[in-house]
Amino acid sequence: MTAETATIELRGVRKSFGPVDVIHKLDLLVKGGEFVVFVGPSGCGKSTLLRMIAGLEDVTDGDILIAGRDVTDLDPAKRGIAMVFQSYALYPHMSVRENLAFGLEIAKVPAAEIRRQVDAAAEVLKIGPLLDRRPGQLSGGQRQRVAIGRAIVRKPLVFLFDEPLSNLDAELRVSMRAEIARLHRELGNTMIYVTHDQTEAMTLADRIVVLRDGRIEQVGSPRAVYENPANLFVAGFIGSPR
Ligand code: ADP
Ligand code: MG
């Protein structure tokens, strides 16, 4: 299930809500197949940035390119991205299989292809035995797996994760973190992952983007950022115990 990979390029991207700038002119190039983590304290603009890449939020200024194509004004559904949120609303009256298939049915994908996609996603996520259950019969971790499965079946070029593990307890977060790392190794897609948890960032990222008040403070490998923080803010944030 190895995907073609896509670069993501932000060129002078800015976002204001009324008079307030929440993302200042920001440039970033994410390489194809890279796992990039946006990390920073609550309110620094991580979700806003991710939502602009997804097309769920208008860009005030600047351009966003995915796989070399300018998507700044493109419909979210046409960007080749899938997003996984912290609060994953599964359809309670549908089985796991139906939850996974639903988006593809709406897109009029043929039934045989839907079955193939759902089974492939279930295998990657090890949720095959759960396909006939309802969400109410699943644990929190299993539900989050199904939510990720809904992203996988759409075969996106790019996965965007917004604090997908925040609602899980500490132990489950650690095991799901390993699952997400494995997913990236197996699928090979470009992934951007947002978290305020520096441990998650350090363990998952190829590169970390440290954000503060809508600006990039530092970009680098976890090791480079840890060993050579650009300033006191980065040092304090990355180095602080959780
Ligand atoms: P993070 O995800 O890093 O916690 P957000 O991107 O959610 O941060 O928010 C960044 C800033 O933008 C915050 O100050 C937040 O209050 C503000 N903000 C986010 N969404 C809106 C909105 N729809 N209207 C006005 N302000 C917003
Ligand atoms: Mg957020």
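Rule-based calculations on the coordinates, nothing more; no lab input. This one's a predicted model, so the numbers in the text were calculated from it and none came from an experiment. Every residue, glycine as well, gets a Cβ built from its backbone with ideal geometry; the counts of neighbours run over all protein chains shown.
Worth pointing out:
- Residues whose amide H lies under 5 Å from that of VAL84, counting only those 5 or more places away or on a different chain, are LEU160, PHE161, ASP162; hydrogens are built 1.01 Å from N in the peptide plane.
- Residue (of ASN189, SER16, VAL30) at the positive-pole extreme of the chain, dipole from beta-carbon charges: ASN189
- Close amide-amide hydrogen proximity is noted between GLU217 and VAL210, LEU211, ARG212, each under 5 Å apart and 5 or more residues distant or on a separate chain (H modeled in the peptide plane; Pro and chain starts excluded).
- Residue by residue, the stretch 158-167 carries 3J(HN,Hα) couplings of 10, 9, 10, 10, 10, 6, x, 9, 4, 8 Hz when phi is fed to the Karplus relation 6.51 cos²θ - 1.76 cosθ + 1.60 (θ = phi - 60°); x denotes Gly or Pro.
- Mean residue ellipticity at 222 nm, helices only, the chain: -11000 deg cm²/dmol; runs of at least 4 DSSP H residues each add -39,500 (n - 2.57), and the sum is divided by the number of residues.
- Here the dipole of the stretch 1-132 is about 140 debye; that uses its Cα centre as origin and unit charges on the Cβ of Lys and Arg (positive) and Asp and Glu (negative).
- Cα lying deepest toward the dipole's positive end in the stretch 153-205, options SER175, THR203, LEU157, charges on Cβ: LEU157
- Sequence-distant residues sharing a close amide H with GLY32 (under 5 Å, placed H): THR7
- Phi-based couplings in Hz for the stretch 146-157 (Karplus 6.51, -1.76, 1.60; Gly and Pro marked x): 5, 4, 5, x, 4, 6, 5, 4, 7, 6, x, 6
- The residue list VAL59, PRO222, ASN99 was ranked by how far each Cα lies along the charge dipole of the chain toward its positive end, using unit charges on Cβ atoms, and ASN99 comes out on top.
- Charged side chains reduced to their Cβ positions (Lys and Arg at +1, Asp and Glu at -1) give the chain a dipole of some 460 debye around its Cα centre.
- Solvent-free Debye scattering, log10 I(q)/I(0), computed from the Cα coordinates of the chain at q = 0.17, 0.18 Å⁻¹: -1.30, -1.42
- For the stretch 126-242, size of Cβ-based charge dipole, Lys and Arg +1, Asp and Glu -1, in debye: 480
- Converting phi to 3J(HN,Hα) with the Karplus coefficients 6.51, -1.76 and 1.60 and the offset θ = phi - 60°, the stretch 113-129 yields 5, 4, 4, 4, 5, 5, 5, 5, 5, 4, 5, 4, 8, 6, 10, x, x Hz in sequence order, with x at every glycine or proline.
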